[in-house]
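Q: The structure follows.
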Amino acid sequence: MTGRPHIRAEMEKRLGGRLVSVSVCPPKDDITEYLRVRLGEDETPDAMNMSLEKGILRTIPENISELCVGAMVLRSPSYIFR
């Protein structure tokens, strides 16, 4: 199961601690590079100015935590493996 970080506590509560979770966050450099590529593919380049581009390249990587996803796995009861 995957979801945003804010649902982790709810899932742990509902599944009684039988949950293993891992946070998956892309490095900021990867996000910046992705944004540069996508901005380079803009079909209306005249709509972009340097100030807007700098703002995009600064703001989105700064708010990277919003892009993180938690991957959660329900631990199987030990009696299954006996």
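Q: Suppose R0 equals 35 Å; then what is the FRET efficiency for GLU12 and ASN63 from their Cβ-Cβ distance, rounded to the nearest 0.05?
A: 0.90
Q: Looking at the calculated P(r) for the range 8-67, what percent of the C-alpha pair distances fall above 15 Å?
A: For the range 8-67, the share of Cα pairs beyond 15 Å comes to 62 percent.
All of the numbers you see were taken from the coordinates with simple rules; none came from a lab. What you see is a predicted model; the values in this text were computed from it and never measured. Counting neighbours? That spans all protein chains shown, and the Cβs are built from the backbone with ideal geometry, glycine included.
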